[in-house]
Amino acid sequence: MLVLLAFIIIFHITSAALLFVATIDNAWWVGEEFFADVWRVCVNNTNCTEIDTNYRDYPTMQAVQATMILSTILCCIAFLIFVLQLFRLKQGERFVLTSIIQLMSCLCVMIAASIYTDRREDLHKSNTEFYHRAQEGSYGYSFILAWVAFAFTFISGLMYLILRKRK
């Protein structure tokens, strides 16, 4: 039982770490001499421009930013609630509250990555001053980590739904 509990805790912490890296790191769209994420666009590793109100379709990027932040926060809250439920639930009960919050985190990261996937080309074309080399780029590791975090949060949310408290 302790091995299962350790696995679940490590899996959840890994999910949270993936969400933190995907949200913070600057590699959602990368190319030979530039990289971009949901916060800024950098050329030659030195010339970085923050994505702000001057950015066309800024509300779209704000939606991606907000849902990634919300996903990370919900994942951390789910972990804290799981730890509390370990001590408060009666034997045989399920971790439903933890599961619901973790699945909400999963939904948020899916929404953020989906918006970015769908709107990326339009964002780059309408903001050529930021993305003048964007046509040569590809999705970066932070974007891929966001989708991996989606899978991890989904799996852990289902694990919490199935899991029952034992001695």
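Here are a few things to note about the model shown:
- Disulfide-incompatible cysteines by the Cβ rule (no partner under 4.7 Å) in the chain: C75, C76, C106, C108
- Kirkwood-type radius of the range 75-134, with distances r between different C-alpha atoms, in Å: 14.3 Å
- Whole-number D in µm² s⁻¹ for the range 6-47, Kirkwood Cα-pair radius fed into Stokes-Einstein, 37 °C, 0.692 mPa s: 281 µm²/s
- Pair V83, E121: separation of 7 Å Cα→Cβ label points (nm): 4.5 nm
- Put simply, when 146-152, 61-67 are sorted by average Cβ atoms within 10 angstrom per residue, most first, you get 146-152, 61-67.
- The apolar share of the surface of the range 1-86, taken as the fraction of accessible area on carbon and sulfur atoms (1.4 Å probe, ligands and nucleic acids excluded), comes to 68 percent.
- Computed over neighbours whose Cβ is under 13 Å from that of I115, the net charge equals -2, Lys and Arg +1, Asp and Glu -1.
- In Å², nearest 10: area of L103 left accessible to a 1.4 Å probe: 50 Å²
- Per residue accessible area in Å² of the chain, where ligands, DNA and RNA are left out and the probe is 1.4 Å: 53 Å²
- Mean projection area, nm², convex hull over Cα of the chain: 10.0 nm²
The values are calculated or read from the model by the stated rules, or taken from the named source; none is laboratory data. This is a predicted model, so every value here is computed, not measured. FYI the Cβ positions are ideal-geometry reconstructions off the backbone, even for glycines, and counts take in every protein chain you see. Protein only, heavy atoms only, side chains kept; ligands, DNA and RNA dropped before computing areas. Shrake-Rupley method; radii C 1.70, N 1.55, O 1.52, S 1.80 Å.
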